[in-house]
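Remarks on the structure that follows.
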Amino acid sequence: MRSNVWRIVTAVLLLLAGDRARAAQASAATANTCAICHASLQDARLSAPAAAFGGQDIHRQNAFGCVDCHGGDATAGDKGRAHDVAHGFKGKPSGQAQIAVCTRCHSDATLMRRFAPRQRVDQAAEYVTSVHGKRLASGDTRVATCANCHGAHGIRVVNDAKSPVFPTNVAATCAACHADQAHMSGYTLADKSPLPTDQLAKYQQSVHYAALTKGNDLSAPTCNDCHGNHGAAPPGAGSVVNVCGTCHAVFAEKFATSVHAQIFDRACVECHSNHAVLKPSDAMLGTDAGSLCGTCHGGADDKGAAAATGMRAGIERLKAGIGQSTATVVRLENAGMQMDPQELALGTARSRLTLARTEMHTFDPGRVTPIVNEGMMIVADIDQAGEHATAELRFRRRGLALSLGAILLVVVALAFKIRQIDRRL
C-alpha cells in the first residue's frame, strides 16, 4: 500500500516537473521572439543588437527581455502587432526617452534590491546636474546618455574587464565623443574658446595612465575620477585642489597653507597640468632652464626665485649625500662588514628627502631647510660610521696579510727542514 502511494506521488511530481519544464521552454521562446526575428534580418543595424543581447548582457542574465526596454508585444508573430504602440512600443529610445527607460528600473530601490542591493539608485538625479544632463534638458541631443557609456545591448557589469566603464576602458569610452573633432564642434569652454579634443592623447602621456595600464593599478585616476561619471562636470578652478586632494591629500594640505594658494587660479594644474600629468621631478623646482618656477620668478631681487633656488639646492644636497652614503654602505656590505644600523638610517634619510619634497608645496624655505638639515645630519652619521668600518676593514686586511705572511714563512721553513732531513737520510 505504502509503495503504491509513493508511486502515485512520484508520478504526480514528474508530471508537474514536465509541465514546469514545458512552461519554461515556452516562456524562453516567447522572450526570444524579438531576437529570433531580428537575428534573421539582413540589415546589421537591426540584427547586431539581437546578437549582442544574446551574449553576456547583464539584463538578459537577470531574465529581462526586449520588451522591458522597447515595449511592444513579444508574443506577436508579425511586425505590425509586435510594434503596436497600443502595447507600449517605444522603438529605439534616445535622449530623454532613453534616460526614462533606464531610470524606470535603476531609480527604483525596491526593484534594484532584488538584483543588485548594493547598487546606487541616484544615477538619474546625478545626471540631471551634469553637463550632459543640463545640455540634454536644453535640447542638445548630441550629448552622452546612458547607452553612450554603458552600451545598449550586451551591457556588462562595471567590474567586468570588457565593460566600457571598467577603469582601463573609461578613457577610450569618453574619447569616443571627446576626441572626435566633428562631434565636439561648436562646444566651448567658459572663455568661449573651442573645447579641446586632445584630452585622451595628453592623458596617455601621464603618470596616471602609466600607473593604470602598465602598473595595473586600478585605483589610478582616469576621466571619471576627476570629472565624475553620472554627474560629469569640469572640476572648475575653485575645486581643482579638492579633486587632486582626493588622492594627494598631504600635498593639498601643504599647498593650502602656501602663498600660491591665493594666487594660482588653477591651483595644482598651474605646475602639474591636468590631463598630461607628468611624473614630478626635482628639476621642476628652481629658476634654471627646464624648471617651472622660472616661468613666473626671476631676477636677483625676486624673493620667490631665491626661495625656489634655495629649496632646490637643499634637496639636491641631501639627495647627493644619500647617494654617496648608499654607495659606501653597499661597498662595505659587499666586503663583509656589518652595516645593518646604517641601512636603517639610510631609510630614515630617504624619508626626510621625501618629506622635504612634500613640504616644498608650502613654498616656504623655513619649513624645508630644517628637514634637509636633519637628513644631512643622518647622512653625516652614516658617513662617520662608514669611515670607522673602512678603517676596521683595512685593519682586518692588514692583519690577514700579516697572518698569511707568517703562515707562508712557517711553510717555507718546514719545507727547508724536511729537505735537510731528506739529505741526511
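The values are calculated or read from the model by the stated rules, or taken from the named source; none is laboratory data. Computed from a prediction, not measured in an experiment: that's the story for all the values here. No Cβ is skipped: glycine too gets one built from the backbone with ideal geometry, and neighbour counts run over all protein chains shown.
In this structure, HIS87 qualifies as at pLDDT below 85, within 30 Å of GLY139 (Cα to Cα) and not β-branched (Val, Ile, Thr). Only one entry in THR295, THR222, THR287, THR309 is under 24 Å from ASN159 (Cα atoms) and without any contact (Cβ under 8 Å) to a residue 60 or more places away in the chain, namely THR222. Residue count for segment 168-211 satisfying the condition of being of a type in the set (Gly, Ala, Ser), surrounded by fewer than 15 Cβ atoms within 10 Å (Cβ to Cβ) and in a loop (DSSP other than H, G, I, E, B): 4. Name the one entry in GLY215, GLY236, GLY245, GLY228 that is without any contact (Cβ under 8 Å) to a residue 12 or more places away in the chain and within 23 Å of VAL165 (Cβ to Cβ). Selected residue: GLY215, the only one of GLY215, GLY236, GLY245, GLY228 that is without any contact (Cβ under 8 Å) to a residue 12 or more places away in the chain and within 23 Å of VAL165 (Cβ to Cβ).
Could you check segment 259-270 and list, in sequence order, the residues that are part of a loop (DSSP other than H, G, I, E, B), under 28 Å from the mean Cα position of the chain (by Cα) and not basic (Lys, Arg)? The answer is PHE264, ASP265, ALA267, CYS268. Entry remark, segment 282-332: residues being surrounded by fewer than 15 Cβ atoms within 10 Å (Cβ to Cβ), in contact with a helix residue (DSSP H, G or I) (Cβ under 8 Å, 6 or more places away or on another chain) and in a loop (DSSP other than H, G, I, E, B) number 4 in total. In the set (1) in a loop (DSSP other than H, G, I, E, B); (2) within 24 Å of LEU353 (Cα to Cα); (3) not aliphatic (A, V, I, L, M), the condition left unmet by PRO235 is number (2).
Of the candidates SER206, SER163, the single residue that is of a type in the set (S, T, N, Q) and under 27 Å from GLY71 (Cβ atoms) is SER163.
State whether the residues of segment 383-391 include one that is in contact (Cβ under 8 Å) with a residue 60 or more places away in the chain, buried (at least 20 other Cβ atoms within 10 Å of the Cβ) and over 29 Å from VAL250 (Cα atoms). For segment 383-391, residues in contact (Cβ under 8 Å) with a residue 60 or more places away in the chain, buried (at least 20 other Cβ atoms within 10 Å of the Cβ) and over 29 Å from VAL250 (Cα atoms): present. Cβ-Cβ contacts under 8 Å between residues 6 or more apart (or on different chains), taken from a first residue in segment 329-348 that is of a type in the set (Val, Ile, Thr) to a second residue that is surrounded by 15 or more Cβ atoms within 10 Å (Cβ to Cβ) and part of a helix (DSSP H, G or I), are listed as VAL329/GLN342; VAL329/LEU346; VAL329/ILE382; VAL329/GLY386; THR348/ILE378. Looking only at residues of segment 248-257 that are touching a residue at least 24 places away in the same chain (Cβ under 8 Å) and surrounded by 16 or more Cβ atoms within 10 Å (Cβ to Cβ), we find that the one that is nearest to CYS226 (Cα to Cα) is PHE251. Restricting segment 162-217 to residues that are among the aromatic types (Phe, Trp, Tyr) and under 16 Å from the mean Cα position of the chain (by Cα), the residue that is farthest from VAL143 (Cα to Cα) is TYR209.
Count of segment 98-110 residues, restricted to those that are exposed (fewer than 13 other Cβ atoms within 10 Å of the Cβ) and either touching a residue at least 40 places away in the same chain (Cβ under 8 Å) or not acidic (Asp, Glu) (or both), is 2.
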